[in-house]
Every structure is written in C-alpha cells, then in structure tokens.
Amino acid sequence: MNVFWFIPTHGDSRYLGTTEGARPVSHDYMKQVAVAADTLGYDGVLLPTGRSCEDAWVAAASLIDATRRLKFLVAVRPGLTAPTLSARMAATFDRLSNGRLLINVVTGGDPVEQESDGIFGSHAERYEISDEFLKIWREVLAKTHTGEETHFEGKHLRVKGAKALYPPLQKPYPPLYFGGSSDEAIDLAAEQVDVYLTWGEPPAAVAEKIARVRERAARAGRTLRFGIRLHVIVRETNEAAWRAADELISRLDDETIAKAQTNFARMDSEGQRRMAALHGGRRDKLEVSPNLWAGVGLVRGGAGTALVGDGPTVAERLKEYAALGIDTFILSGYPHLEESYRFAELVFPLLPRPQRETLPGFNLTGPFGEIVGNTELPKAAPVRVSAS
C-alpha cells in the first residue's frame with residue numbers, strides 16, 4: 001500500500017463548521033504537518049486546489065527543503081493555466097525536489113468558481129479542454145528528453161513549436177493522477193492518466209467504478225493503477241473512535257449544513273453528487289457502509305467520508321479496498337498534525353507496506369517512550385486485535 005497524508009492549506013479544524021479550536025493556515029503549521037508525514041513514513045501528501053485554499057504550487061515548493069523523501073501531489077488546472085507553462089512548472093518542481101512531484105489533474109466541478117476564474121465552458125467542454133491540455137502537456141514533457149518541439153491544433157487549444165528546455169527527472173514526466181465519476185471523466189482517465197482516484201464511496205460502488213475504468217482503459221490498450229481519497233478517525237477502541245466522529249460534528253448546526261448542501265447542489269460534478277447522496281444532508285444515517293461515515297460531507301466539499309474505528313478495524317477496511325485493486329490511499333484527519341501520528345501509530349504496523357529506510361536523524365531503534373524510574377525500559381506494547 002502507498003499511504004499519503006494531506007496538507008491543510010485551507011486551515012485546520014477540531015470541530016467542523018465552527019472556528020472553535022480551529023487553526024489558521026501558516027507556513028509553520030504546514031511545515032509541521034509535512035515533516036510529521038515525512039518522518040512517520042507516509043509516501044506523499046496531497047495539497048488541495050481552488051480559491052478556498054492557499055496556492056498548491058507555492059505551498060508545495062515551500063516545503064521541498066523541509067522534507068527529504070515525501071512526494072507532493074499537486075494540481076494542474078486545465079483551462080486555468082496554459083499547458084506549456086504548466087509543463088515547465090512541473091519540470092522545475094520535479095528537478096528541484098529530486099523527482100518528488102506527482103500531478104493531480106483537476107478539471108473542476110463548481111461552475112460559480114470556474115466562472116470567477118474566467119472559465120465559462122460547459123461540463124462537456126471543460127473535459128474537452130482537459131483532454132487537449134493533457135495531450136500537449138504530456139508531449140511537451142516527453143520531448144524535453146529528446147529536444148523536440150510540439151505542434152498541436154485542437155478544438156480549444158493550439159500550440160506551435162512548443163518546447164521546454166529543462167526535462168523533469170521522472171521519465172517521461174511525473175505520474176498523472178485524476179478523479180471523476182462522469183462518463184467524460186472516465187474516458188479521459190482511461191486514455192491519458194496513470195492513476196485513477198475515487199472518493200471514499202462504499203466498496204460495492206467503488207468496485208463498480210473501477211470495473212468501468214478498467215474496461216474503458218482496456219479498449220484504449222492501457223492499464224491504470226487506482227487510488228482512493230478518505231478521511232480517517234482512528235482511536236484505541238471502536239467506541240472511542242465513534243465518540244470522536246460525533247465530536248467532530250458536535251458544534252455543527254442545521255443552518256450551516258443547509259448552506260453547504262445548497263452550494264454542493266449547484267455543482268455539475270458527478271462525484272460531488274454521489275458524495276451528497278450518501279447522506280442527503282441528514283445526521284441520522286451517516287454510517288453508509290460498515291465503519292464508513294459520511295459526516296464530513298455534511299459541510300466539506302469533495303471527499304466527505306471517513307473510516308472510523310480502532311486500528312485493526314480501519315486496517316481491515318483499507319484491505320477490503322485494496323482487494324478491489326486500490327494501491328494508493330490518500331488520507332486525512334482532523335486536526336491533521338495529531339491525526340497523522342495517530343494513524344501511523346495505530347494502523348501502519350497492521351498494513352502490508354514495504355519496509356522504509358530510516359531517514360537520517362530519525363531513530364527507529366529505540367529506546368521508545370520515557371525511561372521508567374530513571375533506569376528501566378518501558379514494556380513492549382502488546383499486539384492488539386479488534387474487539388469487533
């Protein structure tokens with residue numbers, strides 16, 4: 001399993017929908033989360049994109065020197081930036097980070113936000129633009145290794161003699177990640193990307209989506225990898241985890257939920273529609289599949305579900321998704337600093353993950369914990385299994 005964490009460039013929360021216990025976004029806090037993820041052994045971090053958060057490229061670039069092994073999953077926005085500029089940005093980041101860039105292709109699903117950025121195309125037109133954007137982006141970067149130029153003329157985009165002089169370290173280019181549930185999105189994924197991402201829907205729905213993507217990719221003569229985006233609420237016991245889930249939305253009032261659901265309803269994102277349909281804006285039916293809780297989606301756009309339980313339970317649920325063909329898990333929890341430690345301590349030992357080389361200066365050999373009575377080592381932790 002590849003396990004990623006999340007950099008909260010929109011600020012962090014202890015209780016959703018309120019400022020109580022909330023943290024503003026700052027470079028120091030982003031760096032704390034990134035360093036924690038790096039030293040704890042997460043494979044990478046996702047940075048969100050859009051007007052609700054700090055710019056992902058600037059934020060990610062500022063964290064390169066603070067980390068040593070961590071990969072950065074950063075968004076390109078077709079229609080918002082030129083494919084050639086985006087390609088040069090990717091090549092530079094990949095070179096400066098020593099090959100630690102991953103690309104998240106985001107077409108966008110909120111017409112109001114899109115129009116505020118000057119993008120007025122329909123849902124179908126945005127995917128046409130994304131398709132042409134990626135064809136140019138991929139070819140420009142692939143040809144940096146040979147010094148050739150790119151010429152392309154499409155319905156929406158056109159370049160003549162496009163060229164980037166500095167190639168990325170990763171060949172032919174940093175891997176492309178992409179998520180979308182509409183037919184247009186699945187067609188785009190099948191033809192152009194490397195890793196297809198889904199939000200955390202119940203396993204049966206995820207299996208059906210993966211089967212659709214695989215079938216369309218096979219028609220194009222391609223194979224893809226798969227990833228899933230989830231929140232996690234993990235504690236020492238299942239009971240404590242469910243109490244923490246209830247606490248997360250304990251300050252959330254009905255007016256705030258209604259406003260959020262109204263905003264989601266205006267969007268033309270099929271994935272957002274599927275997320276909202278899991279709970280319908282109601283608090284009383286939030287466990288939509290065993291240990292899969294939709295409370296986050298009452299007010300948060302995009303990924304709106306969390307796996308809730310003790311370490312063994314959450315590990316088993318992750319393995320159920322892995323059995324469907326998913327190898328990349330992009331996780332987050334509130335607050336993100338503390339939850340990165342909780343998940344790593346309670347779940348990492350239970351997952352099939354390759355042994356990571358120890359980072360310089362990070363001691364994994366112990367002694368662990370505070371010395372007892374100034375002379376005695378603490379007792380070894382017992383092996384735990386779920387009580388469920």
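The values are calculated or read from the model by the stated rules, or taken from the named source; none is laboratory data. Given the structure is predicted, the values throughout are model-derived calculations rather than measurements. Quick reminder, even Gly has a Cβ in these numbers, built from the backbone with ideal geometry, and neighbours come from all protein chains shown. The accessibility values were calculated without ligands, DNA or RNA, using every heavy atom of the protein model including side chains. Shrake-Rupley method; radii C 1.70, N 1.55, O 1.52, S 1.80 Å.
A few notes on this one:
- Cα long-axis angle, helix 27-40 against the chain (0 to 90 degrees, to the nearest 10): 70 degrees
- Summed over qualifying helices (DSSP H, 4 residues or more, each -39500 (n - 2.57)) and divided by its residue number, the chain shows a 222 nm mean residue ellipticity of -11500 deg cm²/dmol.
- Read-out Cα extents along the principal axes in Å, derived from the coordinates shown; its label in (1) 72, 45, 37; (2) 72, 48, 40; (3) 63, 53, 41: (2)
- For Ser332, the shell of other residues with beta-carbons less than 15 Å away shows a net charge of +1, using +1 for Lys and Arg and -1 for Asp and Glu.
- Accessible surface of the stretch 85-129 [probe 1.4 Å, protein heavy atoms]: carbon and sulfur percent: 53 percent
- Neighbours of Ser250 by Cβ distance under 11 Å: Lys/Arg scored +1, Asp/Glu scored -1, total 0.
- Relative contact order of the chain, defined on C-alpha pairs under 8 angstrom at six or more residues apart (%): 18 percent
- Put the Cα centre of the stretch 286-313 next to the Cα centre of the stretch 1-50 and the gap is 18 Å.
- Cα pair distances exceeding 18 angstrom across the stretch 250-309, given as percent: 26 percent
- Entry note, the stretch 137-182: relative contact order of 37 percent, from Cα contacts under 8 Å with a spacing of 6+ residues.
- A straight Cα-to-Cα reach below 13 Å connects Lys160 with the aspartates and glutamates Glu139, Glu148, Glu149, residues fewer than 8 places away in its own chain not being considered.
- A simple count of charges around Gly21, restricted to other residues whose Cβ falls under 14 Å of its Cβ and scoring Lys, Arg +1 and Asp, Glu -1, yields -2.
- GNM result for the chain, Cα springs below 10 Å: residue of Val45, Val288, Val234 fluctuating most strongly: Val288
- Computed log₁₀ I(q)/I(0) - Debye formula, equal Cα scatterers, no solvent, the stretch 1-103, q 0.19, 0.23 Å⁻¹: -0.95, -1.26
- Helix axis angle, 123-142 relative to the chain longest principal axis, alpha carbon, degrees: 90 degrees
- Rounded if a/c under 1.5, otherwise prolate or oblate - the stretch 41-152, Cα gyration tensor axes: oblate
- D_trans [Stokes-Einstein, Kirkwood Rh over alpha-carbon pairs] for the stretch 130-201, 4 °C, 1.567 mPa s, µm² s⁻¹: 97 µm²/s
- Qualifying lysines (Cα of each under 27 Å from Cα of Lys259; at least 8 residues distant if same chain): Lys285
- The heavy atoms of Ser116 offer some 70 square angstrom of accessible surface to a 1.4 angstrom probe.
- Contact order, relative form, for the stretch 51-158: 28 percent (alpha carbon pairs under 8 Å, 6 or more residues apart, mean separation divided by residue count).
- Prolate/oblate/rounded call for the stretch 215-331, Cα gyration tensor, a/c under 1.5 rounded: oblate
- Rounded to the nearest 10 degrees, the inclination of helix 203-219 to the longest alpha-carbon principal axis of the chain is 30 degrees.
- The Cα center of the stretch 62-139 and the Cα center of the stretch 174-204 differ in position by 15 Å.
- Total charge dipole magnitude, the stretch 1-150, about the Cα centre, Cβ charges on Lys, Arg, Asp, Glu only, Debye to nearest 20: 580 debye
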